[in-house]
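> Quick one: this structure, given as structure tokens, is what I'll be asking you about.
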Amino acid sequence: MTGKAEFFERIRAEVVRGRGAALGTTALRPGKARERLDVLRRELSERWRENLDRFGREFERVAGVLHRVGAADEVPGVVARIAAERGMRKVVAWPAATLGLDVVAPLAAQGLEAAAMPGADVDGRERERLRAVAAAADLGVTAADVAIAETGTLVLVSGAGRPRSTSLLPSCHVAVFDRDTLVESLLQMGLVLEAWHEGAEPSWRGAAINFITGPSRTADIELTLTRGVHGPKEVHAVFVEQGIRAHRA
């Protein structure tokens, strides 16, 4: 079996055959990633308005819709309005402990069929049932672990209380985030990933990290663009200025 070092060396050898090709090198992994991320977070806290504006511009360029609210208790109203404007009735959401706020009870009080995913791992039969609930829902509500201003990207970590089905199966996805979630660039996101994987893995964390940049898109051989084939047709992000108490990755 080919080792990683040998694999990359073979790629470099093939690249060098190209005329004028530059020889690439493997980037060094940052040390003390969590400490460096803490410093970065403090720096970003002074630029969150600029980063939010940039995120909004890039997010809307990829057909996302950004909503801004002052407090977390305004979020259910935004979700209800999105549902009403589209004639949607069924909503599925991450549990309140993960999301950082309860949206299910307020939405149910407004007459919507709202269900929360469990906060712990479940067995195979229950997992299948919950997947069917998510597939039947019109709208899924999740948190976002990171929002990347440079590309208008939402990053979601899977795990207990954070099923991927909530963001992938409904035709409309709504992600809730605050200023602590914002980073400026993909380069900074690399530091976030290193910090997440420094030390022991949290028991709740799953195997997938999804980068979501706008609604799902696909095109056939004639380049006819279609939305919603492999995921939601619409993606909304709700920014909470006063912050939320979401369970961070």
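> Taking Cα centroids, how far is region 35-110 from region 184-211 in Å?
For region 35-110 versus region 184-211, the Cα centre distance is 20 Å.
> Sticking with this structure for a sec: Excluding residue 156 itself, what net charge comes from residues whose Cβ is under 10 Å from its Cβ, given Lys and Arg +1 and Asp and Glu -1?
Residues close to residue 156 contribute a combined charge of +1.
> Let me ask you something else. Can you give the helix-only mean residue ellipticity at 222 nm for the chain, where every DSSP H stretch with n ≥ 4 adds -39500 (n - 2.57) and the sum goes over all residues, rounded to the nearest 500 deg cm²/dmol?
Values: 9 runs with 89 residues, N = 249.
Using -39500 (n - 2.57) per qualifying helix, the result is -10500 deg cm²/dmol.
> Residue by residue, what Karplus-based ³J(HN,Hα) values in Hz, rounded to whole numbers, does region 50-61 have, using 6.51, -1.76 and 1.60 with θ = phi - 60° and x for Gly and Pro?
Using θ = phi - 60°, the values come out as 4, 5, 5, 4, 5, 4, x, 4, 5, 4, 6, 5 Hz.
> Taking H as built 1.01 Å from N, whose amide H comes closer than 5 Å to the amide H of residue 214, not counting residues under 5 places away?
The list, which skips near neighbours in sequence, is 154.
> In degrees, nearest 10, range 0 to 90: what is the angle between the Cα axis of helix 4-16 and the longest Cα principal axis of the chain?
Roughly 70 degrees between the two axes.
> Beta carbons within 10 angstrom, averaged per residue: use that to sort the peptides 39-45, 95-101, 234-240, 208-214, highest first.
The packing order, highest mean first, is 234-240, 95-101, 208-214, 39-45.
> May I ask for the angle, rounded to the nearest 10°, between helix 33-44 and the longest principal axis of the chain, with both axes built from Cα atoms and the value confined to 0 to 90°?
Between the helix axis and the principal axis of the chain, the angle is about 60 degrees.
> With volume of the Cα convex hull per residue in Å³ defined as stated, name the option among [x] 187; [y] 136; [z] 167 computed from the structure displayed.
Entry [x].
> Taking the highest mean first, how do the peptides 138-149, 103-114 order by number of other beta carbon atoms within 10 angstrom per residue?
Details: 138-149: 25.1, 103-114: 17.4.
Top to bottom by mean Cβ count within 10 Å: 138-149, 103-114.
> Count the net charge of all other residues whose Cβ sits under 12 Å from the Cβ of residue 54, scoring Lys and Arg as +1 and Asp and Glu as -1. Write out the running numbers ahead of the final one.
On the way: positive: 47, 49, 57, 61; negative: 50, 53, 58, 60, 150, 184.
Result for the neighbourhood of residue 54: -2.
> Where Lys and Arg each count +1 and Asp and Glu each count -1, what net charge lies around residue 32 among other residues with Cβ under 10 Å from its Cβ?
-2
> A further question follows. Which of the aspartates and glutamates could a cross-linker bridge to residue 90, judged by Cα under 14 Å and excluding same-chain residues fewer than eight apart?
Result set, ordered by chain and number: 113, 138.
> Additional query: First obtain the Kirkwood hydrodynamic radius of region 160-221 from its Cα pairs, then insert it into the Stokes-Einstein equation at 37 °C and 0.692 mPa s, and state the resulting D in µm² per second as a whole number.
Calculated translational D: 227 µm²/s.
None of the figures in this text is laboratory data; all of them are computed from the coordinates on show. No experiment lies behind these values; they were computed from the predicted model shown. So basically every Cβ, Gly included, is an ideal-geometry build from the backbone, and we count neighbours across all protein chains shown.
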